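The values are calculated or read from the model by the stated rules, or taken from the named source; none is laboratory data. Predicted model, so just to flag it, every value in this text is computed and none were measured. Note that we place each Cβ from the backbone using ideal geometry, even for glycine, and neighbour counts take in every protein chain shown.
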Amino acid sequence: MKQSKFILLTVAVLLVITFAVPSLLVLPFSSEKATGKLDEQLTKETSGQDNAWLAKGPSITVFRSNEKAVEKLPIERYVIGVVASEMPADFEEEALKAQALTARTYIINQLMLKSHVGVPDGAVVTDTVQHQVYKSLADLKGIWGKDYNWKLKKVTDAVKATAGQIITYKNEPITAAFFSTSNGYTENSQDYWENSVPYLQSVASPWDKESPKFIAKKTMSTQEFENKLGIHLGSDGSVGTVTARTSGKRVGTVQIGGKTFTGREVREKLELNSSDFSWVKKGKNIIITTKGNGHGVGMSQYGANGMAQEGKTYKQIVAYYYKGTEIASDDSYLNKVTAKK
């Protein structure tokens, strides 16, 4: 009996000690203020997935004209370099998104071609206006200087937001033509090029009037004017007559010095900004005024920016300038490219 009491007493003492010791360890410091805290900062296992979209699809091979070498890179990285080169980075983000779709649609079309005429071996495009202007990140850093970080982020965000999207018409990638500034209207494809394309038809583009490239003047001597056009102005003071206008309000045909030219021919021979032109003769010079900048077919970049400033989305911009088109995933087209290889 005594032994049982002793055992019970021993157990009771041990229990008291077990609960008391932690209190003894904590209580001496309970009145002090905390001066530090155990933080937790775990490395995200998914951190590398944020940029996974940049590696999607087959690689693009671009002939770098200055380096005389071929650069190989993923499609989306190429699109970033094109958007950054073809549209001002300070444009509205929705306009940049629309430009991203044109750039991506263009390169998908190029990849689907059976051959690439006029492109050096090993490349599918050049980095010039012959295809799309493309600049690498190193190029852009040199061009943008201290603005490099925010401009690159803005362009990259626009490309990422539209990653994998292209413009199609009847389930085929479109010819995503674009240009800088209209004269207030875009041009029918058949009025500037030979073929009529259903989704490249004239629409009003009033936003372009805010573009710094809307009006331009060029002065050349009468002799240079005559030499470039291969004509001779008469002594009666006549400097030509516009005989037709296009749906886009540009010069369709003009008669000068006994010859008839298309507006495009005059633009190219005189190296004018636009085929919407007029001129006057002053002394021994011809003063030429143009409206707009570029061929005028497809999406106007300044028009797209004006629409974005009014709250329009990139989908609305694309639908406006490319009538009857749809925005689709590039997956099935990339599969065709892969299968072709």
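Below are the figures for this structure:
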quantity	calculated
Number of positions in region 206-244 that are part of a strand (DSSP E or B), out of contact with any Asp or Glu (no Cβ under 9 Å at 6 or more places or on another chain) and of a type outside the set (A, V, I, L, M, F, W, C)	5
Enumeration of residues in region 124-135 that are out of contact with any His (no Cβ under 7 Å at 6 or more places or on another chain) and hydrophobic (A, V, I, L, M, F, W, C)	VAL129, VAL133
Filtered residue count, region 293-325, keeping only those that are in contact with a Pro (Cβ under 7 Å, 6 or more places away or on another chain) and assigned to a helix (DSSP H, G or I)	0
Some residue of region 269-277 being polar (S, T, N, Q) and assigned by TED's automatic domain parsing to the domain that holds PHE91	no
Of the criteria (1) surrounded by fewer than 19 Cβ atoms within 10 Å (Cβ to Cβ); (2) in a loop (DSSP other than H, G, I, E, B), which one THR338 fails	(2)
Criterion violated by GLN190 - all others in (1) out of contact with any Ser or Thr (no Cβ under 9 Å at 6 or more places or on another chain); (2) part of a helix (DSSP H, G or I) satisfied	(1)
Top-ranked residue in region 173-209 [being surrounded by fewer than 15 Cβ atoms within 10 Å (Cβ to Cβ) and modelled with pLDDT of 95 or more; ranked as nearest to LYS291 (Cα to Cα)]	PRO206
Sole exception among (1) in a loop (DSSP other than H, G, I, E, B); (2) in contact with a strand residue (DSSP E or B) (Cβ under 9 Å, 6 or more places away or on another chain) for VAL117, by number	(2)
Yes/no for ASN195 being within 16 Å of VAL251 (Cβ to Cβ) and assigned to a loop (DSSP other than H, G, I, E, B)	no
Only listed residue being in the same structural domain as ASP236 (by TED's automatic domain parsing), part of a strand (DSSP E or B) and exposed (fewer than 15 other Cβ atoms within 10 Å of the Cβ), chosen from VAL254, VAL280	VAL280
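So that you can scan it fast, the table gives a plain yes or no per residue for (1) farther than 25 Å from THR246 by Cα; (2) small (Gly, Ala, Ser):
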| site | (1), (2) |
| --- | --- |
| TYR134 | yes, no |
| GLY142 | yes, yes |
| ILE167 | yes, no |
| TRP193 | no, no |
